Structures are given as structure tokens and as C-alpha cells.
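Below: one structure, written as C-alpha cells.
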Amino acid sequence: MRVLVCDDDKDVGQFLRTLFDLQGWETDLVTDGEACLAAVETGPEPEALILDQLMPGLTGIETADRLRAQGFERPIILCSGHLGAELGKDIKRLDLIPCSKIDIDALVRIVRVAVAGSRSSQVDLRDKTLKPKKPTKASSSRPKR
């Protein structure tokens with residue numbers, strides 16, 4: 001799987017790259033929205049894109065808006081410490097997946113499910129990414145009494 005990370009904080013970007021590399025994913029790193037647009041246009045298309053919101057130049061929302069206008073249909077995860085309610089309309093309009101930078105374990109799960117969902121339209125990302133499946137009676141590990 002190929003992932004493109006766009007974050008102006010080089011330490012955060014390197015951390016995310018290392019995290020994804022440990023998953024066995026190919027990870028490219030850029031530090032601003034313009035570089036992200038160029039990477040998508042010229043390089044191999046990523047299966048998922050992780051965008052920071054607050055960056056110099058283009059914000060994450062502005063970058064996502066341009067990518068969607070250019071026809072980029074793969075999952076875009078808006079991973080930021082600045083995900084206020086004011087972004088809700090844009091997140092929905094651009095079909096972004098919001099994720100807090102605080103929950104790094106969730107980010108890996110979200111990327112994995114988002115890519116699976118882009119490969120198969122049967123996965124509903126909004127309902128399933130953060131909700132654990134309930135065990136069925138047949139799969140329960142409890143012994144019967």
C-alpha cells in the first residue's frame with residue numbers, strides 16, 4: 001500500500017512515515033499543500049492521503065478541495081490537532097475522514113479500513129472505522145454453561 005503524508009511539522013511527518021513503514025506500507029512525505037498536489041500529479045498515486053489541516057500556504061481543506069476538483073477519489077484523512085466543528089461542512093462535502101493526531105493507533109486502523117473501502121464500495125467508512133464489531137454467539141470464546 002502506498003500512503004502520502006502531508007504535514008508541515010517535519011518531526012510529525014517523520015513519525016508518521018516510520019509508523020506506516022512499520023506496517024509495511026510505502027510512505028512518501030511532503031511538507032505543504034502545493035508539494036502534495038505536485039506529488040499526486042507526478043508520482044505514483046497513493047492509495048490513501050493523510051493531510052494536516054494547519055500548514056503554511058494551503059490548508060488541508062484547501063488541498064483536499066483542489067485534489068477532489070482534479071478527480072482524486074482515493075481516501076483523504078484529515079489528521080490534525082485542529083478539527084473544530086467549523087470544518088464539519090467541508091469535511092462532509094469533500095468526503096474526508098477526520099482523525100485526531102492524538103490517537104495514532106486509530107490513524108493506522110482508519111487508513112487500513114479506508115483503503116479497503118476504496119477497493120470495495122461495500123465498506124461504509126463513516127459507520128465502521130471506529131466501532132468495534134460485536135462478537136456473534138457463534139464466535140464468542142465464552143464456554144457454554
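Odds and ends about this structure:
- Within the range 70-95, considering residues that are over 24 Å from residue 21 (Cβ atoms) and in a loop (DSSP other than H, G, I, E, B), the one modelled with the lowest pLDDT: 82
- In the range 10-69, residue nearest to residue 100 (Cα to Cα) [restricted to those that are β-branched (Val, Ile, Thr) and in a loop (DSSP other than H, G, I, E, B)]: 59
- The residues of the range 43-63 that are within 15 Å of the chain's Cα centre (by Cα), free of Cβ contacts under 8 Å to residues at least 40 places away in the same chain and either more than 14 Å from residue 30 (Cα to Cα) or exposed (fewer than 13 other Cβ atoms within 10 Å of the Cβ) (or both) amount to a single one, 61.
- Just one of the numbered conditions (1) surrounded by fewer than 18 Cβ atoms within 10 Å (Cβ to Cβ); (2) within 15 Å of the chain's Cα centre (by Cα); (3) within 20 Å of residue 10 (Cβ to Cβ) is not true of residue 30: (1).
- For the range 2-18, taking the residues that are more than 13 Å from the chain's Cα centre (by Cα) and of a type in the set (A, V, I, L, M, F, W, C), the one that is nearest to residue 55 (Cα to Cα) is identified as 12.
The values are calculated or read from the model by the stated rules, or taken from the named source; none is laboratory data. Bear in mind the structure is a predicted one, so any value in this text is a computation, not a measurement. Reconstructed Cβ throughout: ideal geometry from the backbone, glycine too, with neighbour counts over all protein chains shown.
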